[in-house]
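The values are calculated or read from the model by the stated rules, or taken from the named source; none is laboratory data. Computed from a prediction, not measured in an experiment: that's the story for all the values here. When we count neighbours, we look across all protein chains shown, and the Cβ atoms used for this are built from the backbone with ideal geometry, even at glycine. To get the accessible areas, we keep the full protein, side chains included, count just its heavy atoms, and leave off ligands, DNA and RNA. Shrake-Rupley method; radii C 1.70, N 1.55, O 1.52, S 1.80 Å.
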Amino acid sequence: MSEITNIKNGTWIKPPEKFILGEDSVKITTNPNTGFWQKTYCGLKNDNAHAFVFETYEKYFSFYAKVKFDYKKRFDQCGVVIYQNSNNWFKASAEYENEKIQKLCSVVTNNGFSDLASQDINADIKELYFRLSRRHNDFLTEWSKDGKEFYRMRMFHLFQGCKKVSFGIYASSPLDSSFEAEFSNMRLTECVWEEYRTAITNY
């Protein structure tokens, strides 16, 4: 398994009007009124968040990314993504709520219906690390303040995640807002998510 050494090997899904592709970083300035969501609760269908993705058939891997952000308005968000098509995808992000708290959110969308799980963290945090791991159709997402000690956000299944997957980073502003998110330290490694028979002793 090799690290992602060339950012320019990635491709855009709904590119923003303003972005910078560096040697080892991606800077996104979000367009207003952008996001990913499908149907559940509000009936909204939104499929225009800015995602920069890589493709692989590798069934076991872990993807790391660091993101620095400067939110402007509620729901501004940035993080990691798996995007198979408009009806089947996953996102995990830091999302602005107010001056005191922000949300760590994860959304799984299978067959055109999204769900949402979230937890509160301090709004003073302006950079985070994400780790996304794959074992066949099953995935694990984690977050960290320092890139060393990771905490579980969510374990999930994608029905259309059995072969090639498109994974990477994303940012969006669902309201009339725009902010800057800078992604770096992106790399692909051997899967660090333990096999069930080993991991079960930790539950």
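Among residues of the range 106-120 that are over 18 Å from Y170 (Cα atoms) and without any contact (Cβ under 8 Å) to a residue 24 or more places away in the chain, those with a Cβ under 9 angstrom from a residue that is of a type in the set (V, I, T) and open to solvent by 40 Å² or more (accessible area, probe 1.4 Å), sequence gap 6+ or separate chain, pair up as D120/I101.
Can I7 be described as out of contact with any helix residue (DSSP H, G or I) (no Cβ under 6 Å at 6 or more places or on another chain) and open to solvent by less than 10 Å² (accessible area, probe 1.4 Å)? Step through it out loud before you land on a result.
Numbers: out of contact with any helix residue (DSSP H, G or I) (no Cβ under 6 Å at 6 or more places or on another chain): yes; open to solvent by less than 10 Å² (accessible area, probe 1.4 Å): yes.
Taking the combined requirement at face value, the residue satisfies it.
What are the residues in the range 31-41 that are crowded, with 17+ Cβ neighbours inside 10 Å and within 30 Å of N137 (Cβ to Cβ), if any? Correct list: T34, G35, F36, W37, Q38.
Please pick out the residue among L21, L44 that is among the aliphatic types (A, V, I, L, M) and open to solvent by 60 Å² or more (accessible area, probe 1.4 Å).
Working: L21 fails: open to solvent by 60 Å² or more (accessible area, probe 1.4 Å).
So the residue among L21, L44 that is among the aliphatic types (A, V, I, L, M) and open to solvent by 60 Å² or more (accessible area, probe 1.4 Å) is L44.
Scanning the range 89-130 for residues that are open to solvent by 50 Å² or more (accessible area, probe 1.4 Å), in a loop (DSSP other than H, G, I, E, B) and acidic (D, E) gives E99, D115, D124.
Residues of the range 61-84 include none that is free of Cβ contacts under 8 Å to residues at least 60 places away in the same chain, under 20 Å from I169 (Cβ atoms) and surrounded by fewer than 15 Cβ atoms within 10 Å (Cβ to Cβ). Considering the range 149-195, the residues that are among the hydrophobic types (A, V, I, L, M, F, W, C) and over 25 Å from N88 (Cβ atoms) include one that is most open to solvent (accessible area, probe 1.4 Å), namely L175. When the residues of the range 131-148 are filtered to those that are more than 15 Å from the chain's Cα centre (by Cα) and more than 22 Å from W37 (Cα to Cα), the one that is most open to solvent (accessible area, probe 1.4 Å) is K148.
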